[in-house]
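*Asks:* Structure provided below as structure tokens; questions to follow.
The values are calculated or read from the model by the stated rules, or taken from the named source; none is laboratory data. Since we're looking at a predicted model, the values are computed, not measured. Don't worry about glycine lacking a Cβ; one is built from the backbone with ideal geometry, like all the others, and counts go over all protein chains shown. Just so you know, the surface numbers come from the protein's heavy atoms only, side chains and all, with ligands and any DNA or RNA stripped out. Shrake-Rupley method; radii C 1.70, N 1.55, O 1.52, S 1.80 Å.
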Amino acid sequence: MSNKDKIIVALDFESCDKALELVESLDGYANFFKIGLGLIGRGGLELACELKKRGLYIFLDLKLFDISNTIKNAVKGLCEAKFDFLTVQGDPQVIKAAVEGRGTSITKILAVTFLTSLNRRDLDQNLIIPGEIQTLVCNRAEKAILAGADGVIASPQELSIIRENPLCMKKIIVTPGIRQTNSAVDDQKRVATPYDALRMGASHLVIGRPIYQAKDPVAAYEEIKMQILNN
Ligand code: C5P
């Protein structure tokens, strides 16, 4: 993977045709794409397999959560397609089962710590123990790594503190919430520029709307890439 493959383009479309159109317009520029739950019921898994066959890197963002036996079986099936990244919820028993299911496949298992859309009040409602979200995210990241995860998903706010943990120092950290200084933040609450997110410790950036909603997605992608490469 080269430096530009630190940018993962999120294919958050309502149809695979539109997603494929963006992939093809970025042909020769972007190599790494994320397919998530929005496309899964619309042929997203088949699209992910097709893109893999074309030699692209694929992040399958399914945030899986179930009993160990089911997770193991689900991950085993998904890993046959040799996707590059797969997300599961960050509970240690889920991660252990996912790692077992992955077996010797190249797929990296990434743990979701807490969704960035949750605040402390939401965590109270979900009966999560008291404490600062940042601290809890770090504890969850540590437990995820100890359970065998190859990395975690983290917002820009948690990057530095997760990286300080010796267990997480060399692990994959994928960061959403990436915005250029003057662009709309949309529904993201904790944002950072591509350069800052990498400086704070992200290994990969997931970027959706700033690329696919741009008038010229190739130009938007290239601008982000240049910022990363020049810094
Ligand atoms: O359009 P935008 O750049 O905000 O897209 C960010 C992508 O990252 C979306 O696909 C979203 O589902 C994903 N994501 C996120 N926050 C998380 C986990 C994933 O925004 N905590």
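*Asks:* Being surrounded by fewer than 21 Cβ atoms within 10 Å (Cβ to Cβ) and assigned to a helix (DSSP H, G or I) is the filter; apply it to the stretch 187-209 and report the residue that is farthest from the ligand (Cβ to nearest atom).
*Replies:* My answer is Arg199.
*Asks:* Looking at Asn69, Asn73, Asn139, can you tell me which residue is open to solvent by 50 Å² or more (accessible area, probe 1.4 Å), in a helix (DSSP H, G or I) and free of Cβ contacts under 8 Å to residues at least 12 places away in the same chain?
*Replies:* On inspection, the qualifying residue turns out to be Asn139.
*Asks:* If a residue must be closer than 22 Å to Ser68 by Cα and surrounded by fewer than 11 Cβ atoms within 10 Å (Cβ to Cβ), how many such residues does the stretch 111-126 contain?
*Replies:* So the answer is 1.
*Asks:* Let me ask something additional. Scan Ala144, Ala154, Ala98, Ala184 and give me the residue that is within 13 Å of the ligand (Cβ to nearest atom), within 30 Å of Leu56 (Cβ to Cβ) and crowded, with 22+ Cβ neighbours inside 10 Å.
*Replies:* The match here is Ala154.
*Asks:* Would you mind stating whether Phe33 is under 26 Å from Asn3 (Cβ atoms), free of Cβ contacts under 8 Å to residues at least 40 places away in the same chain and within 16 Å of the ligand (Cβ to nearest atom)?
*Replies:* yes
*Asks:* Residues Leu11, Leu26, Leu20: which one is at pLDDT 95 or above, closer than 16 Å to Val218 by Cβ and surrounded by fewer than 18 Cβ atoms within 10 Å (Cβ to Cβ)?
*Replies:* Matching residue, one of Leu11, Leu26, Leu20: Leu20.
*Asks:* Is it the case, given these coordinates, that Ala149 is part of a loop (DSSP other than H, G, I, E, B), in contact (Cβ under 8 Å) with a residue 12 or more places away in the chain, under 18 Å from the mean Cα position of the chain (by Cα) and within 16 Å of the ligand (Cβ to nearest atom)?
*Replies:* Yes: the conditions hold for Ala149.
*Asks:* Scanning the stretch 158-176 for residues that are in contact (Cβ under 8 Å) with a residue 40 or more places away in the chain and either open to solvent by 60 Å² or more (accessible area, probe 1.4 Å) or not aliphatic (A, V, I, L, M) (or both), which turns out nearest to Pro210 (Cα to Cα)?
*Replies:* Pro176
*Asks:* Hey, among the residues in the stretch 57-85 that are of a type outside the set (Val, Ile, Thr) and under 24 Å from Ile128 (Cβ atoms), which one's farthest from the ligand (Cβ to nearest atom)?
*Replies:* Ser68
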